[in-house]
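To start, the structure under review is shown below, and the notes come after it.
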Amino acid sequence: MDVSRLKVAIPSYQITEENGPVAYAIAVEYGKLSWDVWRRYSQFAQLYRDLDRDGYCALPSLPGKTLAGAPYDPRLLADRRHRLQYFLLELLRRPDTRTAPALLDFLLFSEQASLNIPPLRPWCVCNTGAQRFAVSSLVYSRSNRVIIVGHEDKTGLSRLGRLWSLVEPDEFGMINVWAVDCNMDSPSLMQCIKTQPKVRCMFYDEPSNQLFVGQDDGKVSVYILDADELKLEKVKELDLHTAAVMHLAPGKSKQKRLLSLGFDGAIRVIDITTHQMLSGGRMTRRLGSGAHLTVGHFDDENDTVYLGTSGGQVLVYAVKSNPPSFIQGLTVHPVYPVETLIVDKQYMFLGHGEYVSVISVEQRRTEQKFSKVAVLTLKENPSPVLSMVYDPKEKRLLVGYDPAIAWWSIESGQPLCVWEAHGGGVHQLLLTDRSDIVLSGGDSGNSKIWRLPPAQDLRLWQPPAAVEQRSGEATGSGGWREADEIANFSSSRDEDDGESLHAGCPRQKWGGTQHPQGYEPVAIGRSSNSLSPGSARDDRGVLRSDDYDTPERSVHVNDANGRGKGRCALSGDDLMGSRITKDEEPGSAAQNSASALGGSVVPPKKNFPTPFEPKSDDDDDEDLDELRSAFS
């Protein structure tokens, strides 16, 4: 059953008795069925708590509680009605919350439509149970059906180092080998290896059954997996860095090379078979003072590496020669450490702070062009990006936050599912050979196996063009009246403490009410830019993004998005659809809130720019030459 056809609106409210609680009429339509539900504010608040308890994250916010009971000012009541309607429509927009049992029960959907809708959300198949240390790395062997989990101690005691050995052995790392069946639902612990240094990162080479383990002492240990007993045996230790190994990035070609990044600012390219170092060097001059390498990507087909730094930079080096040679660089704004980096043939994904910057990668002649920047963020409850995986076949982007995982739609730039995964940050995400299975690990120490719902069922809610009037209903001018102003509510208690009002009343006339001309959902923190040809480079040759937005470009982008003179996240301002800050004037906050809630400020989906789609040959020379990348 397609629940995306469900239509909900709040056309009116009613004060049940003199100075009594306020009830809001919810008009629900599903196909040819229609019914009314009366709910008070406290019941909306209970719905929010139920969804939060069930593990749904990034929920839209409710209007604030009033200080002295229920508001009776008509303008305040109209504003609250408008905000509650926005709350319901935002829940309907996302496929996971739209099918949540708590929301369907709130709308009396099962009772009125006599349908049982299964929830469309990932569910945990199994987990490995709580472990002593936090999860630092995940690898999966398809041929051996083995999940190898690396752990590291992130507590304050681990900083005592060898002094802690007076009480117990200073073992701050651990490697667990789990065997799974074809259904991925019954992991069995085959081996547990405790290590003195922390396990920072791992890479598993399937053909040779070699496991490379990067440690915080700068060494890379090499293990061999026995395919029969499913146990690891240490065969070698490579001394590659003078500080912790930050990341191991394998190539995908037949050359079988591995990139290693160290906290000491050095990179090493080694041969997977012979373990010989092929290229390497220190990047301290490009990194600058106080910055270090965080994450990397190895495009060994083109002998190119992409290096993320703690200074919010992405440095591109050629490693065909020894030492590596610098090609180009980029500083992404807002400037936060680059925690995750994925480079595909079409896109580059950068996780920095609470943002995921998506950049289109185009190969033109002999140089690479980066353009059409978009930014994804969870507006309602921002959290730093900790991990990320991308499936190019399914065009599926999964991002790990604290404590949630978000499944982003590449086409719309909006989340399809956001669910609580672990008790702390989700630092590891891993795809498997099955498109419906994903692995996660985090600060809680346990690893979980998730089964994803079918991607074709996760359709974003399409707002109706207009809500038709029913015969016999009294209406005003044919559309529901929107609130003229948005007032800020602050405070402490519910507007009503009485008994619950009867829900599911038959349709009645609302004299003088009006119906809205549809609803357009607000995009969650999305913007679109191209790198300006006038962008300058700093003294290290790295592009500064301060000049990303020229006035002409800003007008072009804002007009395309239908937001007027908005602000771009990449220029250091708030995201599109930004949150109201305490420094803003009440009048300004009212206007911003009204703009965010009103349907007219956001264009239909077809008017959104499509930064993720390749450009056509017709506009290739004209547009890209005008907005050419600063990397030329």
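Coordinate-derived values only; no laboratory data. No experiment lies behind these values; they were computed from the predicted model shown. So basically every Cβ, Gly included, is an ideal-geometry build from the backbone, and we count neighbours across all protein chains shown.
Sort 278-290, 20-32 by packing, meaning the average of other beta carbons within 10 Å per residue, with the highest value first.
Ranked by mean Cβ neighbours within 10 Å, highest first: 20-32, 278-290.
Only four residue types carry charge here, +1 at the Cβ of Lys and Arg and -1 at the Cβ of Asp and Glu. Report the dipole size of segment 183-241 about the Cα centre in Debye, rounded to the nearest 20. Could the numbers behind the result be given before it?
Working: 7 positive and 11 negative charges, 60 e Å.
Using Cβ point charges on Lys, Arg, Asp and Glu, segment 183-241 gives about 280 debye.
Beyond 32 Å between alpha-carbons counts as too far, so tell me which of LYS231/LYS395; LYS231/LYS448; LYS219/LYS252; LYS236/LYS345 fall in that bin.
Working: LYS231/LYS395 35 Å; LYS231/LYS448 21 Å; LYS219/LYS252 23 Å; LYS236/LYS345 35 Å.
Those over the limit are LYS231/LYS395; LYS236/LYS345.
Let me know the charge dipole size of segment 248-331 about its Cα centre in debye, to the nearest 20, where only the beta-carbon of Lys, Arg (+1) and Asp, Glu (-1) is charged.
Details: 9 positive and 6 negative charges, 18 e Å.
Computed about the Cα centre, the dipole is about 80 debye.
Using alpha carbons only, what's the Rg to Rh ratio of segment 1-136 with Rh from Kirkwood? Walk me through the numbers on the way to the answer.
Values: Rg = 17.7 Å, Rh = 16.7 Å.
Computed over Cα atoms, the ratio is 1.06.
With N set to the number of residues, divide the alpha-carbon radius of gyration of segment 69-162 by 2.2 N^0.38 Å and report two decimals. Write out the running numbers ahead of the final one.
Working: Rg = 23.8 Å, N = 94, 2.2 N^0.38 = 12.4 Å.
Rg over 2.2 N^0.38 Å, computed on Cα atoms: 1.92.
Provide the gained length on full extension for the span LYS395 to SER188, in nm with one decimal, where the gain is 0.36 nm per separating residue minus the Cα-Cα distance.
Details: separation 207, 0.36 × 207 = 74.52 nm, distance 3.18 nm.
Gain on stretching LYS395 to SER188: 71.3 nm.
To the nearest 0.05, what FRET efficiency results for GLN456 and ASP52 with a Förster distance of 25 Å applied to their C-beta separation? Can you show the working numbers first?
On the way: r = 28 Å, r/R0 = 1.12.
Efficiency at R0 = 25 Å is approximately 0.35.
Starting from the amide H of GLY64, placed 1.01 Å from N in the peptide plane, find each other amide H under 5 Å away whose residue is 5 or more places distant or on another chain.
PHE489
Determine the gain in length on full extension of the stretch GLU206-GLU411; use 0.36 nm per residue of separation and subtract their C-alpha separation, reporting nm with one decimal.
On the way: separation 205, 0.36 × 205 = 73.80 nm, distance 3.30 nm.
Gain in length upon complete extension: 70.5 nm.
Take each of the peptides 98-108, 189-199, average the number of other beta-carbon atoms within 10 Å over its residues, and list them starting from the highest.
Details: 98-108: 19.7, 189-199: 17.9.
Taking the mean over residues of other Cβ atoms within 10 Å, the ranking is 98-108, 189-199.
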